[in-house]
Structure formats: structure tokens, C-alpha cells
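Down below is the structure, laid out as C-alpha cells.
The numbers here are math on the coordinates, done by the rules we state, and not lab data. The model shown is predicted, which means the values in this text are computed figures rather than measured ones. As a convention, Cβ positions derive from the backbone with ideal geometry for all residues, glycine included, and neighbour counts pool all protein chains shown.
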Amino acid sequence: MQAILTLDIAGRLALPEEFRRRHRLREGSRVRIAEEADRIVLEPLEEAAPLVERDGLLLVGAKLESTAPDHRQLREERLAKLATVPE
């Protein structure tokens with residue numbers, strides 16, 4: 001995968017969505033930048049999920065991020081639509 005990017009006035013680059021999704025990058029993700037020969041290399045840093053102890057169990061305190069729609073909201077909208085009486 002390739003992309004051509006343009007630096008903004010502050011020297012920042014915006015990574016295309018496909019790159020961010022493929023490498024699981026989101027706001028706040030850390031990336032290492034390095035020079036190798038005549039190249040600039042970006043390397044996503046693995047972010048370890050924090051461990052949390054609850055009731056004597058050690059749990060991964062990661063946040064679950066869903067890309068699926070909220071089915072409860074969709075159900076409420078369908079019910080509201082069905083409840084309306086046509087004039």
C-alpha cells in the first residue's frame with residue numbers, strides 16, 4: 001500500500017484511514033519515527049492494555065470499541081416508527 005502525503009505548515013502528516021485501520025492507530029497512538037539510509041520509517045508502538053485486579057482476578061483493562069451499530073438505538077427507532085399512526 002502506498003500514499004503520497006503533504007506536510008502542513010506545522011510539519012504534520014495525516015495518515016490515510018486505511019493505514020490507520022490496518023495498523024490499529026487512533027488518536028493518541030504512539031509511533032516511532034526513524035531514519036534508515038535515505039528513508040523515513042514510521043513504526044507503530046504496541047500499546048499494552050493495563051492489567052486490572054477485580055475480585056482476585058487479573059483482567060485486561062482494555063476498552064472495547066465496536067464498529068457495529070448500536071442495535072438498541074436501531075430497535076428504538078423502529079419501534080417509534082411503528083408506533084406512529086398514519087393520517
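Segment 1-59: percent of C-alpha pairs farther apart than 17 Å?
Roughly 57 percent, rounded to a whole number.
Show that you can apply the helix-only estimate: for the chain, add -39,500 (n - 2.57) for every DSSP H stretch of four or more residues, divide by all residues, and state [θ] at 222 nm to the nearest 500.
It lands at -6500 deg cm²/dmol.
Taking 7 Å along the Cα-to-C-beta vector as the label spot, tell me the Arg30-Met1 distance in nanometres, rounded to one decimal.
2.3
Figure the gain on full extension for Ile9 and Leu58 (residue separation times 0.36 nm, minus the Cα-Cα span) and round it to one decimal in nm.
Full-extension gain reported as 13.0 nm.
Explain nothing, just the number: dipole magnitude of the chain about its Cα centre with +1 on each Lys and Arg Cβ and -1 on each Asp and Glu Cβ, in debye rounded to the nearest 20.
Computed about the Cα centre, the dipole is about 220 debye.
Can you tell which of Ala80, Pro44, Pro69 lies farthest toward the positive end of the dipole of segment 17-83, using +1 and -1 charges on the Cβ of basic and acidic side chains (Lys, Arg; Asp, Glu)?
Ala80
Note the full-extension length gain between Arg39 and Arg20 as 0.36 nm times their separation in residues minus their Cα-Cα distance, in nm to one decimal.
Length difference between fully extended and current span is 4.8 nm.
For the residue pair Glu77 and Leu51, what label-to-label distance in nm results when each label sits 7 Å from Cα along the Cα-to-beta-carbon direction?
4.2
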